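Data first, discussion second: the structure below is written as structure tokens.
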Amino acid sequence: LIPEDFEQDPIRLDHVVRTLEGAIVKRLALGRPYGVAVIAEGIGERLDPEDLAMLKDVERDEHGHIRLAEVPIARILRDGVRSELKQRGLSMTIGEKDVGYEVRCAAPNAFDVDYTRDLGAGAVRALLGGESGVLITRQEGAIVPVPFDDIMDPATGRTRVRMVDTSTASHASARALQVRLEQGDLEDPERLAWLAAAAKLTPEATRERYAPVCWSQRG
């Protein structure tokens, strides 16, 4: 899950929980009672603070506002999904793991080596050419120095967050590898029936609960 999966801003916690819950229900219906959900940390930073008002052990600023970047998003979502499933008699073991710098300890693959070599060579060429104050990027196979002024947000003094372009082929390919509820699952009576059985809901209640978080509805 990435923030760009959700149209609303801020993101409502219930929508994230139902999205994960729906994926679990679909996998149960497919006979696959296991899986891995990867949650981008940007989800936590865009959650509606009102949905987190009950939290007592999260860091707050001097005005009492929750520091969204410090929200234990994995634990919150784990507890939320588990609670919703338990209410319907679905006992589910859900573990959570915050993955950080250990990911960067993996050995580089061929893409990593090629990419970083080009960036390093591009940085040297930029310096020898008299350029400075730039970010070295590779765009469509070419090294493109981007001035820092072009990527800084003047209001915050920080770099602008670059959002994922959900219209790209690479995003579509990644999305196709996931098991997620789609609008067609709720429109087909047979598929809706086995989803409802897995969710321990009526078909009508299943459609009502999961329709707002189906992928196809958001294009």
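List of remarks:
- Looking only at residues of the stretch 1-32 that are part of a helix (DSSP H, G or I) and small (Gly, Ala, Ser), we find that the one that is farthest from ARG209 (Cα to Cα) is ALA29.
- Which numbered condition GLU84 fails, given (1) in contact with a strand residue (DSSP E or B) (Cβ under 8 Å, 6 or more places away or on another chain); (2) within 30 Å of ALA205 (Cβ to Cβ); (3) not hydrophobic (A, V, I, L, M, F, W, C): (1)
- Of the candidates ASP153, ASP165, ASP185, ASP149, the single residue that is farther than 22 Å from VAL81 by Cβ and in contact with a helix residue (DSSP H, G or I) (Cβ under 8 Å, 6 or more places away or on another chain) is ASP165.
- Considering VAL99, VAL71, VAL103, VAL58, the condition of being at pLDDT below 90, among the hydrophobic types (A, V, I, L, M, F, W, C) and within 30 Å of LEU201 (Cβ to Cβ) is satisfied by VAL71 alone.
- Note on the stretch 188-207: among residues that are open to solvent by less than 80 Å² (accessible area, probe 1.4 Å) and not in a helix (DSSP H, G or I), the one that is farthest from LEU85 (Cα to Cα) is ASP188.
- Tally, over the stretch 159-190, of residues that are touching a residue at least 24 places away in the same chain (Cβ under 8 Å) and over 29 Å from ASP149 (Cα atoms): 10
- Selection within the stretch 169-219 - hydroxyl-bearing (Ser, Thr, Tyr) and at pLDDT 90 or above: SER173, THR202, THR206, TYR210
- From the options GLY130, GLY35, residue that is out of contact with any helix residue (DSSP H, G or I) (no Cβ under 9 Å at 6 or more places or on another chain) and either at pLDDT below 95 or part of a loop (DSSP other than H, G, I, E, B) (or both): GLY130
The values are calculated or read from the model by the stated rules, or taken from the named source; none is laboratory data. Since the model is a prediction, treat every value here as computed from it, not as a measurement. Virtual Cβ from ideal backbone geometry, glycine too; neighbours counted across all protein chains shown. Keep in mind that these areas ignore ligands, DNA and RNA; they rest on the heavy atoms of the full protein, side chains included. Shrake-Rupley method; radii C 1.70, N 1.55, O 1.52, S 1.80 Å.
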